[in-house]
1. Hey, among the residues in the range 72-125 that are among the β-branched types (Val, Ile, Thr) and at pLDDT 85 or above, which one's farthest from Glu44 (Cα to Cα)?
2. Report, by residue number, each residue of the range 509-526 that is touching a Ser or Thr at 6+ places or on another chain (Cβ under 8 Å), crowded, with 19+ Cβ neighbours inside 10 Å and not in a helix (DSSP H, G or I).
3. Can you go through Lys575, Lys541 and tell me which one is in contact with a strand residue (DSSP E or B) (Cβ under 7 Å, 6 or more places away or on another chain), over 21 Å from Leu478 (Cα atoms) and of a type in the set (D, E, K, R)?
4. Would you confirm whether any residue within the range 193-212 is free of Cβ contacts under 8 Å to residues at least 12 places away in the same chain and more than 30 Å from Thr265 (Cα to Cα)?
5. Given (1) crowded, with 16+ Cβ neighbours inside 10 Å; (2) among the charged types (D, E, K, R); (3) free of Cβ contacts under 8 Å to residues at least 24 places away in the same chain, where does Glu375 come up short, assuming only one miss?
6. Take Ile585 and tell me if it is in contact with an Asp or Glu (Cβ under 8 Å, 6 or more places away or on another chain) and not charged (D, E, K, R).
7. Pairs under 9 Å by beta carbon, first residue assigned to a loop (DSSP other than H, G, I, E, B) in the range 444-457, partner aromatic (Phe, Trp, Tyr), six or more apart or different chains?
8. Filter the range 51-71 down to the residues that are more than 24 Å from Phe108 (Cα to Cα) and surrounded by 18 or more Cβ atoms within 10 Å (Cβ to Cβ), then identify the one that is modelled with the lowest pLDDT.
Amino acid sequence: MLICLISIYLYRNTLLQSIVSKRTARIEQVYGLKIHYEKMEMKELNKIILQQLSIVPNKRDTLLTLKSAIIKLSFWKLLTREIEIRHVTVNDLSLAFIKQDSIANYDFLFKKGTKQFPQAAVNEANYSERINKLLNLCFGFLPENGKLNHICITEQKNKNFVSITLPSFIIKENHFQSDINIQEDTLSQHWTANGEIKQHDNTLKINLYSSDSKKISLPYITRQFGAKITFDTLSYSLRKDILGRNQMRLNGQAQVNGLDVYHKTLSPEVIHLDQGKLDYQINIGKNTLELDSTTTVIFNKLQFHPYLRAEKQKEYWHFIASVNKTWFPANNLFSSLPKGLFNNLEGIKTSGELAYHFLFDVDFAQIDSLKLESELKEKKFRIIEYGTTPLSKMSGEFSYTAYENGVPVRTFPIGTSWEHFTPLDSISPILQMSVLQSEDGAFFYHRGFLPDALREALIYDLQVKRFARGGSTITMQLVKNVFLNRNKNFARKLEEALIVWLIETERLTSKERMYEVYLNIAEWGPQIYGIQEASSFYFNKRPSQLTIEESIFLASIIPKPKHFRSSFANNGQLKESMEGYYKLIAERLTKKGLISEIEADNIRPEIQVTGEARNSLAGNEPESSSPSAEE
């Protein structure tokens, strides 16, 4: 053994060169690279000196250059075939990701099916092992002491580029600090980063802030994703604990101050968060990822404990998400809403208490078993002061603006001053019930939401893998059209839900008035708004004069008013496929006692269009074919 050790020591450089040459030759062949260095030697037993290293993909721009590096490894870790860097000195490291048109010098990184990484091994699920290996690699390459001089990382795509330069990155006794210079096209930034790295404790702490008293703007995000993210300070910490075979836990904290986020899918306005904090615990198993319920999320004055779990069995995922927030001051919620995300609720003041329960459970092996529960409870709750928008405005006459593709097309009052306004008692009960049974049969009994309808819509959307159904109630449609902008984004859905809850819980507008408003603003054809215009457009009648068949027809076109012609055959008569719909609504009208069974048996999809709509049925295009504001 002694002779072997002596031989290894004497021929260490020969062994190093042999191992490195074999590895680099294999990598060059598999990935199409040319790896070159002028000098590589081992001093003592654990110090490697490397000079003039370059990595160049075939027929591509140079990916990496390194002037020199002195790396001191842990000798005992080397004996176990593990790499742990104890000290490092690096000079002039440049890493450039360059893409011109469709040609990139880093596309080899996405090459699949190599001999080194067979596809079967990549697909095998063992998340604990994978993440543990990745973190071990990261911690192993993060030295406790070292100095990195002039590190430059560049991303360039055609004429756009981002350059990140670290003039000097110093690590001393586990603590590090560095200035960071960012250049993105014409924008320059100067950051400062400091923190702590402890390899043996598997812990990392980092703080990031601007060194010139400006907000930090994350580069690359705007060009790649159309988003803009800025903040004052960011802090992050991570600790890894191994709990057993295929079981590990990650603990840590993330905190951001002065966060501004913009993306059109979130909100048309900039979303501002004064302070956000996350104390997290993530449990990782062989095929599970779990955000423990001990995790705490704080934004502004609101605090809650989310639970998330993702488990993969064979090729199917099972997701669970839940939040249970016990009684808390109601104003903590409304005063914590990020500015720019809920414009109609900005400035609202409330009293009383709220409690919230949410559960989402979907197993993609059996999507029909999906569970969806969402309930916001109130206790002695009341609105003390409205925000920017009076949420009770539907109770009286108000001005309504109809939109198409986000552009306002008509504005008219909803009240007696509008010549086409029709009071609810002037609309036939048959038409009222036909629309109700078609759109929201339980409207007068629920509190704005139909959880079962939302659940069924979500199941269908997941099955067809697209947003095909919405599960909206009449209250939700009213809030969307009366209070909210027409930008379809995540923020609008959240604001819609809160306004619906406020209107229904506080009874800010009666159900009868809401239904009256609905029938007077609904679009029934291309820019045909309200039941009076609809009755005239199709049948040259007043709403009180409509027959049962005509009422059922009008109820059928609310979901697709711009495309009402699709209900008709070439001869101008309703298609035979409408018979099932007519039979369904007739049965429901019978159960409600509005028509007799004999009348229901005689109802057929037969109407005569006598209004202006007959011009469209004769072949002329409607004024607009864009989706309606109601859709």
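1. Only one residue fits best here, namely Ile103.
2. Of everything in the range 509-526, those that are touching a Ser or Thr at 6+ places or on another chain (Cβ under 8 Å), crowded, with 19+ Cβ neighbours inside 10 Å and not in a helix (DSSP H, G or I) turn out to be Thr509, Glu523, Pro526.
3. Numbers: Lys541 fails: in contact with a strand residue (DSSP E or B) (Cβ under 7 Å, 6 or more places away or on another chain).
So the residue among Lys575, Lys541 that is in contact with a strand residue (DSSP E or B) (Cβ under 7 Å, 6 or more places away or on another chain), over 21 Å from Leu478 (Cα atoms) and of a type in the set (D, E, K, R) is Lys575.
4. Checking the range 193-212: at least one residue is free of Cβ contacts under 8 Å to residues at least 12 places away in the same chain and more than 30 Å from Thr265 (Cα to Cα).
5. Going through the list (1) crowded, with 16+ Cβ neighbours inside 10 Å; (2) among the charged types (D, E, K, R); (3) free of Cβ contacts under 8 Å to residues at least 24 places away in the same chain, Glu375 breaks only (1).
6. No: the conditions fail for Ile585.
7. Going by the 9 Å Cβ cut-off, the qualifying pairs are Phe444/Tyr515; Arg447/Trp501; Gly448/Trp501; Phe449/Trp501.
8. Ile71
The values are calculated or read from the model by the stated rules, or taken from the named source; none is laboratory data. Everything quoted here is computed from the prediction, not taken from an experiment. Note: ideal-geometry Cβ built from the backbone for every residue, glycine included; neighbour counts use all protein chains shown.
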